[in-house]
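Bear in mind these aren't lab numbers, they're just calculated from the coordinates by the rules spelled out. This is a predicted model, so every value here is computed, not measured. Counting neighbours? That spans all protein chains shown, and the Cβs are built from the backbone with ideal geometry, glycine included.
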Amino acid sequence: MTTSKSTQAIVPNCHVIKIGGSTLANLSQAFIKSLKRRVEAGQNLIIVHGGGPDINNALAEQGIVSETVNGIRVTTPEMIHTIRNILIGDVNARLVGKMNASGISSAGLSGFDGVFASNYLDQETYGEVGVVTEVNAKKFQLLLKAGIIPVVACVGTTIEGTPLNINADTLASGIAAGVQAESLLLVTDTPGIKKDGETVRSVSEQDIRKWIANGIIYGGMIPKVQAALDCLEAGVRAVQITDDTLMGTTVKAVNPLLTRPIKEVHTNA
Ligand SMILES: Nc1ncnc2c1ncn2[C@@H]1O[C@H](COP(=O)(O)OP(=O)(O)O)[C@@H](O)[C@H]1O
Ligand SMILES: CC(=O)N[C@@H](CCC(=O)OP(=O)(O)O)C(=O)O
């Protein structure tokens, strides 16, 4: 699904961490501290966040019912401004505030700030939903060099300035591919992909395809595994799906001596 390309060279020692809306409200201090430790250790972090539950609440308040297809919210023109305002004005502001208050110098961004370009994913099926088409790695690098952690809301814009709703897993994957990040971490409310009640240690692309087809992987987990596969395909070497305890930290999905990535998605079992 990801078709992003980077305008500049890779960002060195870069790790993209996506925080799901499911997790944002109860983000632990331990997790924030783990981010701080990574920054202090010299990692270039890019944070991407979602906000599905906040969007659900805001739409419900307006009496708007939305549906999802393959975990992607079908977004009508009447929804898009609320979604943009919630993600940028509310969720992003809260997260950036929390990070700065915890001593992590951060700045809130979205596609409107030129860190990535986007266009319609498939307007007929999904409406006002975007996909990343280009990543401005240089802009990310300038911020990181200045000691500022980019915190990116999953809102894009067309070249004409029309806002687009982008699934946050899809965005994180596009950015990770665009900056050639060393890893992508998808932080959510489940310790990993579950099968028969157990969290599995690692899954192959074949497992993923099978488990989507038979319903073991459904809903919001679908964009996550798709994001993971897209990233690996684009050369990002480690992808982890985890809760905010980050128990196993990141597991490399590829032998660094190989030039082609092994397609494995590691989960935090
Ligand atoms: N096989 C699976 N293992 C674990 N969770 C799954 C699986 N299939 C679907 N899910 C669902 O995916 C959810 C995580 O996706 P989502 O709610 O979109 O989280 P986030 O807001 O963090 O992106 C889990 O809470 C669970 O309900
Ligand atoms: C197009 C699309 O699906 N957009 C998502 C954006 C928020 C998101 O991805 O939030 P989570 O990380 O909490 O899932 C949505 O409208 O819910």
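Observations
- ³J(HN,Hα), Karplus 6.51/-1.76/1.60, whole Hz, each residue of the stretch 21-26, x for Gly, Pro: x, 4, 10, 4, 5, 10
- Within the stretch 9-82, GluC sites (Glu not before Pro) in DSSP loop having at most 10 other beta-carbon neighbours inside 10 Å: Glu67
- Where the alpha-carbon atoms of the chain are placed on the principal axes, they occupy 49, 47, 35 Å, in descending order.
- For the stretch 174-186, the Karplus equation 6.51 cos²θ - 1.76 cosθ + 1.60, evaluated at θ = phi - 60°, returns couplings of x, 5, 4, 5, x, 9, 6, 5, 6, 8, 10, 10, 9 Hz by residue, with Gly and Pro reported as x.
- Efficiency of FRET between Ile216 and Ala25 - r from beta-carbon atoms, R0 22 angstrom, step 0.05: 0.25
- Exposure proxy ranking, count of Cβ atoms within 10 Å, fewest first, for Leu186, Leu27: Leu27, Leu186
- R0 of 35 Å, Cβ-Cβ distance Ser34-Asn70: FRET efficiency to nearest 0.05: 0.65
- Extending 7 Å from the Cα toward the beta-carbon at both Ser105 and Thr82 defines two label points whose distance is 3.9 nm.
- Share antiparallel - DSSP beta bridges, the chain, percent rounded to 5: 35 percent
- Gyration tensor (alpha-carbon) shape descriptor, the stretch 84-159, a/c threshold 1.5: oblate
- As a rough footprinting exposure proxy, the listed residues Tyr120, Tyr126 were ranked by other beta carbons within 10 Å of their own, and the order from fewest upward is Tyr120, Tyr126.
- Span from the the stretch 27-106 Cα centroid across to the the stretch 121-183 one, whole angstrom: 13 Å
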